[in-house]
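Notes for the one structure printed next.
What follows is calculated from the coordinates using simple rules that are stated; it is not laboratory data. In this text the structure is predicted, and so the values were computed from the model without any measurement. Reconstructed Cβ throughout: ideal geometry from the backbone, glycine too, with neighbour counts over all protein chains shown.
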Amino acid sequence: MNTTAAATQAQVSVPTIRTWCRRGVVAAVKTAGRWIIDAASLAARIAIGARRARKAAMTTTGTIIQMPDGDFGILGDAAILAAAFENGTPVTPTNEPYADDRIYLGVTRETWGDYGRTMETVGLAYTKDNGRAVYRIDTQRLASDAPAFYAVLEEMWDREEAAEAAAMSQDRDYFNPRYM
């Protein structure tokens with residue numbers, strides 16, 4: 001089946017289906033520039049999504065933002081986000097094209113102290129006066145649960161990597177001994 005039929009059957013957007021195909025979430029073959037999706041594989045993916053939906057009730061709230069420190073977070077109602085973080089349930093962003101994504105909150109960080117290494121999960125980034133807060137996004141779980149947001153992050157990471165490679169190339173040229 002093609003991407004449009006698969007998107008209709010799975011009740012997701014066509015870009016989400018394309019992301020699933022690229023990531024191998026569903027079995028698909030690209031022929032003449034178009035994805036041909038295996039119906040059985042798509043049905044299995046839909047079943048997995050249905051089980052996850054029953055397992056964890058989602059809360060639609062908040063907007064994905066990039067914080068000043070470079071991390072990403074969800075800005076929304078403080079009480080709802082706190083409950084989702086504590087219960088480990090995903091939230092769905094309100095901003096497009098991420099409305100079909102399931103975002104889990106919290107970042108696990110390694111810290112070193114007097115007693116050695118400690119792993120801690122940090123959720124709350126900051127609160128605002130109007131009862132809203134920003135919670136950090138668990139970027140480790142994005143590939144399968146939030147394909148649209150993960151695709152945007154991958155593009156950003158690729159651009160950053162290309163810029164770093166270009167800077168390294170310039171440094172190599174600048175410090176080349178034949179010019180000294």
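Of the chymotrypsin sites (Phe, Trp or Tyr not before Pro) found in segment 86-163, those that fall in a DSSP loop while having at most 13 other beta-carbon atoms within 10 Å are 115. Rounded to 0.05, the FRET efficiency of the residue 169 and residue 22 pair, given R0 = 41 Å and the Cβ-Cβ distance, is 0.90. Distance from the C-alpha centroid of segment 124-144 to that of segment 68-109: 5 Å, rounded to the whole angstrom. Here the residues 12, 152, ranked from fewest to most Cβ neighbours within 10 Å of their Cβ, fall in the order 152, 12. Between residue 95 and residue 46, the simple label model (points 7 Å from Cα in the Cβ direction) yields a spacing of 3.2 nm.
Panel order for 154, 161, by other beta carbons found within 10 Å of each beta carbon, from fewest to most: 161, 154. Between 61, 127, 92, the residue with the greatest mean-square fluctuation in the GNM of the chain (Cα pairs under 10 Å linked by springs) is 127.
Springs join every pair of Cα atoms under 10 Å in this Gaussian network model of the chain, and among 159, 141, 102 the largest mean-square fluctuation is at 159.
The modelled label-to-label distance between residue 39 and residue 139, using points 7 Å beyond Cα along the C-beta direction, is 4.1 nm.
Each of 119, 1 was scored by other Cβ atoms within 10 Å of its Cβ. Arranged with the fewest first, they read 119, 1.
D for the chain, whole µm²/s, Stokes-Einstein with Kirkwood Rh over alpha-carbon pairs at 20 °C and 1.002 mPa s: what number? All intermediate terms of the calculation are to be shown ahead of the outcome.
Numbers: Rh = 18.8 Å.
Rounded to a whole number, D works out at 114 µm²/s.
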